[in-house]
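Handing you a structure now.
The values are calculated or read from the model by the stated rules, or taken from the named source; none is laboratory data. Everything quoted here is computed from the prediction, not taken from an experiment. Note that each Cβ is placed from the backbone with ideal geometry, even for glycine, and that neighbours are counted across all protein chains shown.
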Amino acid sequence: MKKILLPFLIMVTLQLVAQEKNTKVHINHTAIYVMDMEKTGNFYSKIIGLDTLPEPFHDGKHIWYKTSDHSMLHVIQGATEKREYYKNQHTCYTEPDFKGFIEKLKAAQLPFEDVSGNKNAITTRVDGVHQIWLQDPDGYWLEINDDNF
């Protein structure tokens, strides 16, 4: 009896866990439309440090990046002009080596700023999290912080 009951309980538990995982809405991906796939791809791979994922199109117009266990950034080639974006509409990445990341930006001569727009400055939020803002090659705003959430 125990030999039958134990596998049954394990199966029921796994089904409940799987059902619970899929009951909430969650972000699958964010997409950005870019002018220069190579330049933007190098930025997200080499500067931000994202890993690529296989993408199903294989048309040279898409790069998919893993941004967390269950979400992605889709970079799509085809924009014809650079646009201006609001800083408050941004994507935020947490960088475990925040100081090292800032040094990487400085070495690459990539500008960054604090929340108020002061160049090469860092914002410290009221909860102690440090933040900087920068723009990717197409002008999309990114926040980089050291939150340990």
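If Tyr93 meets every condition in (1) modelled with pLDDT of 95 or more; (2) within 22 Å of Thr30 (Cα to Cα); (3) assigned to a loop (DSSP other than H, G, I, E, B) apart from one, which number is that one?
Tyr93 satisfies every listed condition except (3).
Please find, within the stretch 66-96, the residue that is surrounded by the fewest Cβ atoms within 10 Å (Cβ to Cβ) out of those that are hydroxyl-bearing (Ser, Thr, Tyr) and over 18 Å from Gly139 (Cα atoms).
Ser68
Let me ask another. Consider Lys46 carefully, then state whether it is of a type outside the set (A, V, I, L, M, F, W, C), out of contact with any strand residue (DSSP E or B) (no Cβ under 7 Å at 6 or more places or on another chain) and modelled with pLDDT of 95 or more.
Taking the combined requirement at face value, the residue satisfies it.
Quick grid of which residues meet (1) in a loop (DSSP other than H, G, I, E, B); (2) at negative phi; (3) not hydrophobic (A, V, I, L, M, F, W, C):
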residue: Ile102; (1), (2), (3): no, yes, no
residue: Lys106; (1), (2), (3): no, yes, yes
residue: Pro111; (1), (2), (3): yes, yes, yes
residue: Ser116; (1), (2), (3): yes, yes, yes
residue: Val126; (1), (2), (3): yes, yes, no
residue: Gln131; (1), (2), (3): no, yes, yes
residue: Leu134; (1), (2), (3): no, yes, no
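Residue check: is Lys39 free of Cβ contacts under 8 Å to residues at least 40 places away in the same chain, out of contact with any helix residue (DSSP H, G or I) (no Cβ under 9 Å at 6 or more places or on another chain) and either part of a helix (DSSP H, G or I) or closer than 23 Å to Ile27 by Cβ (or both)?
Taking the combined requirement at face value, the residue does not satisfy it.
Restricting attention to the stretch 42-74, which residues are within 19 Å of His26 (Cβ to Cβ) and out of contact with any helix residue (DSSP H, G or I) (no Cβ under 6 Å at 6 or more places or on another chain)?
Those that are within 19 Å of His26 (Cβ to Cβ) and out of contact with any helix residue (DSSP H, G or I) (no Cβ under 6 Å at 6 or more places or on another chain): Leu53, Trp64, Lys66, Thr67, Ser68, Asp69, His70, Ser71, Met72, Leu73, His74.
Can I ask one more? Being surrounded by 14 or more Cβ atoms within 10 Å (Cβ to Cβ), over 15 Å from Phe43 (Cα atoms) and under 19 Å from the mean Cα position of the chain (by Cα) narrows it down to one residue among Asp147, Asp136; which is it?
Among Asp147, Asp136, only Asp147 is surrounded by 14 or more Cβ atoms within 10 Å (Cβ to Cβ), over 15 Å from Phe43 (Cα atoms) and under 19 Å from the mean Cα position of the chain (by Cα).
How many residues does the stretch 30-65 contain that are of a type in the set (Lys, Arg) and touching a Gly at 6+ places or on another chain (Cβ under 8 Å)?
Number of matching residues: 1.
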